[in-house]
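Here the structure is laid out as structure tokens; the discussion comes afterwards.
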Amino acid sequence: MSQSRQTISVQEAKRPFFVGIDLGGTSIKVGLVDDAGRTLRFLSVPTLVDRGAEDGAKRMGEAARQVIADAGLMLADVGRVGLGTPGTMDLAAGMLLQPVNLPSWKDFPIRDRVAHHAGLPLTYANDAGAAAYGEFWIGSGRGMHSMVILTLGTGVGGGIIIGDLSVDGEHGHGAECGHIIIDSHDDARLCGCGHRGHLEAYASATGVIKRTREALDAGGKSSLIARLAEGAELTPLLVGEQAEAGDAFSLEIVLETARYLGIGVVSLMHTIDPDGVVLGGAMTFGGADAPLGRRFLERVREEVRRRAMPVPAQKTSIEFAQLGGDAGYIGAAGLARIEFRRLQAAG
Ligand SMILES: [Zn+2]
């Protein structure tokens, strides 16, 4: 869902500038962004986890300097750098603790080391929170005051933003929207977190695969059976392909996933009453560009209209995310911008 990235020139851009860095397990995305969230320069470099955290911090700092130099700018033109990383982390201390995808990078003072190598002050954030802020700033949440985002992938990630503030919680467990309970039965589906009945157990890629497997084992008739016999791997992508090709069984799996999501979305709406709910991540069945994606979204909305109180049911927008894989670095830059402005206002 990575649309071709639009970049603008320095002449078109609005100062000051910010650098956003999105650290992932395989690649690091680095972008130079203007005061309106538009990208001037972008770089993706391999993470090279095995070289260790200090080497990674050094290359992140160098990449930040490079996007600035490539645009013909100086460090002094840049207000601040924003860095989003996976957890676990201690945001206040600027420490990576035990990142799952970066096993050898534990207990590392990443905020200060990247800031040192970049030669700029740095704002440190959770990668999911940064991506949520990116969508809020210039994506599907543009113009909203409050937004909830659900990221549909292997798990179901969440982000809640209210008036420019990301809800992280008092113990770093705020906005865990994938783990709201949608089934209270003792035999409800087991979630990746070890508890039962959570939204993620039903509406994540993992949940979709499990539900499909069970329905096939129960004797379901589907074109999936032939595809799996040919050696295809059972994935939401394959289920989506078969649904698009007219397989009623696969379509039912997709729409049932949307129904579960709708149930979770209603609980979030009744808790927060946001301007909008945004659905992002890899598992959106083609998103707004595909007939199946649009049908999926419409099924979520239908479930919301059926179950939500009348005013939020009518007023809350429910849309797909727009920024794809760019949301993380753009949002990290946006969070840096917020801190830059706050510090400026404080003198
Ligand atoms: Zn859970």
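The values are calculated or read from the model by the stated rules, or taken from the named source; none is laboratory data. Note that the structure is a prediction, hence the values are computed from the model and not measured. Neighbour counts run over all protein chains shown; Cβ positions are idealised from the backbone, glycine included. The accessibility values were calculated without ligands, DNA or RNA, using every heavy atom of the protein model including side chains. Shrake-Rupley method; radii C 1.70, N 1.55, O 1.52, S 1.80 Å.
Quick notes on this structure:
- Candidate set: the range 98-133, residues that are in contact with an Asp or Glu (Cβ under 7 Å, 6 or more places away or on another chain) and modelled with pLDDT of 95 or more; chosen: the one farthest from ALA63 (Cα to Cα): THR123
- Odd one out for ASN101 among (1) open to solvent by 20 Å² or more (accessible area, probe 1.4 Å); (2) without any contact (Cβ under 8 Å) to a residue 24 or more places away in the chain; (3) part of a loop (DSSP other than H, G, I, E, B): (2)
- Tally of residues being assigned to a loop (DSSP other than H, G, I, E, B) and either near the ligand (Cβ under 8 Å from one of its atoms) or among the polar types (S, T, N, Q) (or both) across the range 180-204: 7
- Screening the candidates GLU252, GLU233 for the property of being modelled with pLDDT of 95 or more, in a helix (DSSP H, G or I), away from the ligand (no atom under 16 Å from the Cβ) and of a type in the set (Asp, Glu) yields one hit, GLU252.
- Strands (runs of 3 or more DSSP E) enclosed by the range 1-89 - at least 3 residues per element that are free of Cβ contacts under 8 Å to residues at least 40 places away in the same chain: 39-46
- Looking only at the range 253-285, residues that are within 16 Å of the chain's Cα centre (by Cα) and open to solvent by 50 Å² or more (accessible area, probe 1.4 Å) come to 1 in all.
- Subset of the range 104-137 [farther than 30 Å from ILE318 by Cα and part of a helix (DSSP H, G or I)]: SER104, TRP105, ILE110, ARG111, ASP112, ARG113, VAL114, ALA115, HIS116, HIS117, ALA118
- Contact map, the range 136-165: first residue touching a residue at least 40 places away in the same chain (Cβ under 8 Å), second residue assigned to a helix (DSSP H, G or I) and of a type in the set (Phe, Trp, Tyr), Cβ cut-off under 7 Å, separation 6 or more or different chains; pairs are MET144/PHE136; MET147/PHE136.
- For the range 193-251, the tally of residues that are without any contact (Cβ under 8 Å) to a residue 24 or more places away in the chain, open to solvent by 50 Å² or more (accessible area, probe 1.4 Å) and not small (Gly, Ala, Ser) stands at 13.
- Single match in SER166, SER140 (criterion: polar (S, T, N, Q), in contact with a Phe, Trp or Tyr (Cβ under 8 Å, 6 or more places away or on another chain) and at pLDDT 95 or above): SER140
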